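Peer 1: Shown below is the structure under consideration.
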2 protein chains.
Amino acid sequence: MIGVFDSGFGGLSTVKELIKLFPQHDMLYLGDSARAPYGNRSTETVIKYTQEGVEFLFSKGAKMVLLACNTASTDALRFLQQKYGNEKKVLGALIPAVEEALEKTKYGNIGVVGTRGTIVAGNFEKEILKRSVFLYHPASKKAQKIPKVFSQSCPLLVPLIEEGWIKKPETRMILKKYLLKLKSCHIDTLILGCTHYPLLEKEFAKKMGKNCILINSGKAQAQKFKEYLHLHQEIAQTLSQNGTRQFFTTDCPERFAELGSQFLGQKIGDVQKIEF
Amino acid sequence: MIGVFDSGFGGLSTVKELIKLFPQHDMLYLGDSARAPYGNRSTETVIKYTQEGVEFLFSKGAKMVLLACNTASTDALRFLQQKYGNEKKVLGALIPAVEEALEKTKYGNIGVVGTRGTIVAGNFEKEILKRSVFLYHPASKKAQKIPKVFSQSCPLLVPLIEEGWIKKPETRMILKKYLLKLKSCHIDTLILGCTHYPLLEKEFAKKMGKNCILINSGKAQAQKFKEYLHLHQEIAQTLSQNGTRQFFTTDCPERFAELGSQFLGQKIGDVQKIEF
C-alpha cells in the first residue's frame, strides 16, 4: 500500500493526482487535522508529529509513505530518511515542485504562493536557488537565467477554500489582491505551494494569464513518484493493487469526509478517527 | 493574579474590558495560537488543550482563570469545574452574554453569531432557552415573549480580522452575506459570540441598524466577573493589585504582540513563548 501523510485535508489533492497515475494501487491516508496547521510549529514538534503519523501508516501496512505536507517535508523528511535508511521509504513534497518549476521556467522569474508559515520559512526559495547552481550551468541555453524568486503568502485562501467559497466574488477579489505584486514582477512560473490551492487552480490561471505556467505541487509529486517507482522496481513490486482506499484522521471524521471529498474530487465514505 | 485563557489573540478583547473594570489587578494571559482555532476541533481535543492552558496559568500564580474562548467555555468549562471543585476556580464566557441578551431583548428575537464550532454546538441557544423559562415567568411584562434564537456561523471573520482586513471591502461584503438571514428574522438583540468580533463591532452595528442591540461577550463577561468578586470577597482578596500584565503564547511572540495590540487596544511589549 502507498501511505500518504498530511497535517490535514489538503494532501487529498495529492492523492487525487496519485489516483490518476496509480488507479489500482491501494492507498492509506492520514490527516492530522487535530494538530493542523503545522506551519507555525517548531521543527522539533513537526518532526515528532510527522514521525507519529508516518509510523502509524507503516503499522497499517504502508510499504512507503509520501509526505504531502510542505511543512512536514521541510522539517522532518531528512530526519526520517536518515532514521529509517533503506528500511522504510519516505518521500517528500516541495522538491518535485521546485524541479518542475526549474524545468519549465522560460525567463527564470519564479513565483511561490503558500501559507504564511511556508513563505516565512522560505524553503521553496532556498531549494530553487540551491538547485539553480546546477541546472543553469554555462553550457545550458539558460545560462544567463539565474532564477529570481518572488514569494507571496496568501493566508486567507485556506479558510476560504475550506468554507467552500471557491466560486464567490469575494474569493476572486482577495486572490486578485494577493497576486497583484507577483503580476507586477512578471513571473512566468508560479508554484502553488499549498495542497489547498489546486482547488483554486482555474482562478489562479485566469488571474495570472496565459504566459504564466502553474505548478501544482501535488501533481509534481505524483509524477516524480511515478519516475521513482520506474527506477525502483523492487519497491514498485511490493505495492498491492486492489484499488482500495482507507482514510484516517485525528479530528472529526464527518468533517474530514465532507471537506476531503472536495479535495479528492470524489466522495469519501468511511473515515476512521485515531488518536496520538 | 487573574488568569485569562484563550485559543488565540481574541481573548485580549476580553482583557481590554477587564482592565477597564480592574485597572490595578495583575493579569496573566495565555493564547494557544499554535493550536487555534479551536472552533473546528472535537470536544475531546478542546478539553485537552484547555486543561493544559488553564493548568499552565495556575502554575504561574493565577488565583482564578477566566476562559475567554467560547469554544473552550462550551466544551471544557463544566469538565474543568467538576475536576477542580472548590480547589481552583475557572469561569467561562457564554453565560454572561446570554444573561445580558435576555435582560436587554425587547421582543425576544435574539441572534447569535460565532465560529462554526460555537454555532453547531448550539450552546448559546441552549442556555438562552434554559434561562428563558425563569426569566419569562407569567408575572413578568415579557410573559408572552418566549425568546426565539437565530444563529449564524461566520467562519471567515476570524481569519479576516487576524489578517487585519477589518476595513477592506471584501470583509464588509462577507459580513453582509452572513447577516442577510439574521436581518430578515428581525432580531432585536445580537450576541457577538466570538472574542474576535468586537473588532468589527462598528460594522456589525452599521449592518444591523439602530434597532438591534449588540452584546459584546467579553464586556458581559468582565461585568459578571465584577459582580462575582463582589459576592466572593474571599476570592477577591487573593487577587494581587500591582497593575502588572504578562502575556504568553504557544506561537510566534512577535505576531502575538503585533496582532494582540489591536485586540487589547494598547501596545503589548514582552511576550513569552511556551510549548505544550
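Peer 1: What residue of chain A sits with its beta carbon nearest the rotation axis taking A to B, and at what distance in whole Å?
Peer 2: With distances in whole Å, chain A gives A:Pro159, 2.
Peer 1: Please identify the trypsin sites (Lys or Arg not before Pro) of the stretch A:144-198 that satisfy two criteria: DSSP loop assignment and at most 12 other Cβ atoms within 10 Å. Which are they? Can you show the working numbers first?
Peer 2: Values: sites: A:Lys145, A:Lys148, A:Lys167, A:Arg172, A:Lys176, A:Lys177, A:Lys181, A:Lys183; in loops: A:Lys145, A:Lys167.
Passing both the DSSP loop test and the Cβ count: A:Lys167.
Peer 1: For B:Leu231, tell me the accessible area in Å² from a 1.4 Å probe, rounded to the nearest 10.
Peer 2: 140
Peer 1: Related question: Per-residue ellipticity at 222 nm for chain B, helices alone: DSSP H runs ≥ 4 residues times -39500 (n - 2.57), over residue total, nearest 500 deg cm²/dmol? Don't jump to the answer; show the numbers that get you there.
Peer 2: Working: 12 runs with 132 residues, N = 276.
Counting only the DSSP helices, I get -14500 deg cm²/dmol.
Peer 1: What are the label-to-label distances in nm, one decimal and shortest first, from B:Glu254 to the same spot in the other copies, with labels 7 Å along Cα to Cβ?
Peer 2: 4.2
Peer 1: Using a 7 Å offset from Cα along the direction of the beta-carbon, what are the separations from B:His232 to the same position in each other copy, nm, ascending?
Peer 2: 5.9
Peer 1: Still on this structure, I have one more. Under a cut-off of 17 Å between alpha-carbon atoms, report the lysines in cross-link reach of A:Lys183, not counting same-chain residues fewer than 8 places apart.
Peer 2: A:Lys106, A:Lys148, A:Lys202, A:Lys206, A:Lys207, A:Lys210
Peer 1: For the protein assembly as shown, rounded, prolate or oblate, judged on the Cα gyration tensor with a ≥ b ≥ c (square roots of eigenvalues), a/c < 1.5 rounded, else prolate if a/b > b/c? Mind dumping the intermediate values first?
Peer 2: On the way: a/c = 1.95, a/b = 1.81, b/c = 1.08.
Prolate shape, in that a/c is at least 1.5 and a/b is the bigger ratio.
Peer 1: Which of rounded, prolate, oblate describes chain B, given a ≥ b ≥ c as roots of the alpha-carbon gyration tensor eigenvalues and a/c under 1.5 marking rounded, otherwise prolate only if a/b is larger than b/c?
Peer 2: On the way: a/c = 1.71, a/b = 1.25, b/c = 1.36.
Verdict is oblate for chain B.
Peer 1: Could I ask something else about it? Might you tell me the accessible area per residue for the stretch A:1-121, computed with a 1.4 Å probe and given in Å²? Kindly include the intermediate steps, with their values, before the conclusion.
Peer 2: Numbers: 4170 Å² over 121 residues.
Per residue, the stretch A:1-121 has an accessible area of 34 Å².
Peer 1: Out of every Cα-Cα pair in the stretch B:95-217, what percent are more than 24 Å apart? Write down the numbers at each step before the final one.
Peer 2: Numbers: 1780 of 7503 pairs.
When all Cα pairs of the stretch B:95-217 are counted, 24 percent exceed 24 Å.
Peer 1: Here is a further query. Please give the total accessible area that chains B and A bury against each other, computed with a 1.4 Å probe and expressed in Å² to the nearest 100.
Peer 2: Details: alone 13280 and 13430 Å², together 24370 Å².
Counting protein atoms only, the buried area is about 2300 Å².
Peer 1: In addition: Excluding same-chain residues fewer than 8 positions from A:Lys226, which lysines have a Cα within less than 17 Å of its Cα?
Peer 2: Correct list for A:Lys226: A:Lys16, A:Lys20, A:Lys63, A:Lys89.
Peer 1: For A:Thr43, place a label point 7 Å from Cα along the Cα-to-Cβ direction in every copy; what are the distances to the other copies, in nm, shortest first?
Peer 2: Going from nearest to farthest copy, the values are 4.1 nm.
Peer 1: Which of A:Ala68, A:Ala34, A:Ala257 moves most in a GNM of chain A, Cα contacts under 10 Å?
Peer 2: Comparing A:Ala68, A:Ala34, A:Ala257 in the GNM, the peak value goes to A:Ala34.
Peer 1: How much solvent-accessible surface does A:Asp270 expose, in Å² to the nearest 10, with a 1.4 Å probe and all protein chains in place?
Peer 2: Roll a 1.4 Å probe over it and A:Asp270 shows about 120 Å².
Peer 1: Here is a follow-up. Please name whichever of B:Leu199, B:Ala93, B:Ile146 sits farthest to the positive end of the charge dipole of the stretch B:67-217, dipole taken about the Cα centre and charges placed at Cβ: Lys and Arg +1, Asp and Glu -1.
Peer 2: B:Ile146
Peer 1: Take the alpha carbon gyration tensor of the stretch A:132-276, find the square roots of its eigenvalues, order them as a ≥ b ≥ c, and report rounded if a/c is under 1.5; if not, report prolate when a/b exceeds b/c, else oblate. Intermediate results must be reported in sequence, preceding the final value.
Peer 2: Values: a/c = 2.69, a/b = 1.19, b/c = 2.26.
Verdict is oblate for the stretch A:132-276.
Peer 1: Restricting to Cα pairs below 8 Å that are 6+ residues apart, what does the relative contact order work out to for the stretch B:95-217? Please round to a whole percent.
Peer 2: Details: 186 pairs, mean separation 44.4, N = 123.
In percent, rounded to a whole number, it is 36.
The values are calculated or read from the model by the stated rules, or taken from the named source; none is laboratory data. What you see is a predicted model; the values in this text were computed from it and never measured. Ideal geometry is used to build each Cβ from the backbone, glycine not excepted, and the neighbour counts take in all protein chains shown. The area values use the complete protein model at the heavy-atom level, side chains included, leaving out ligands, DNA and RNA. Shrake-Rupley method; radii C 1.70, N 1.55, O 1.52, S 1.80 Å.
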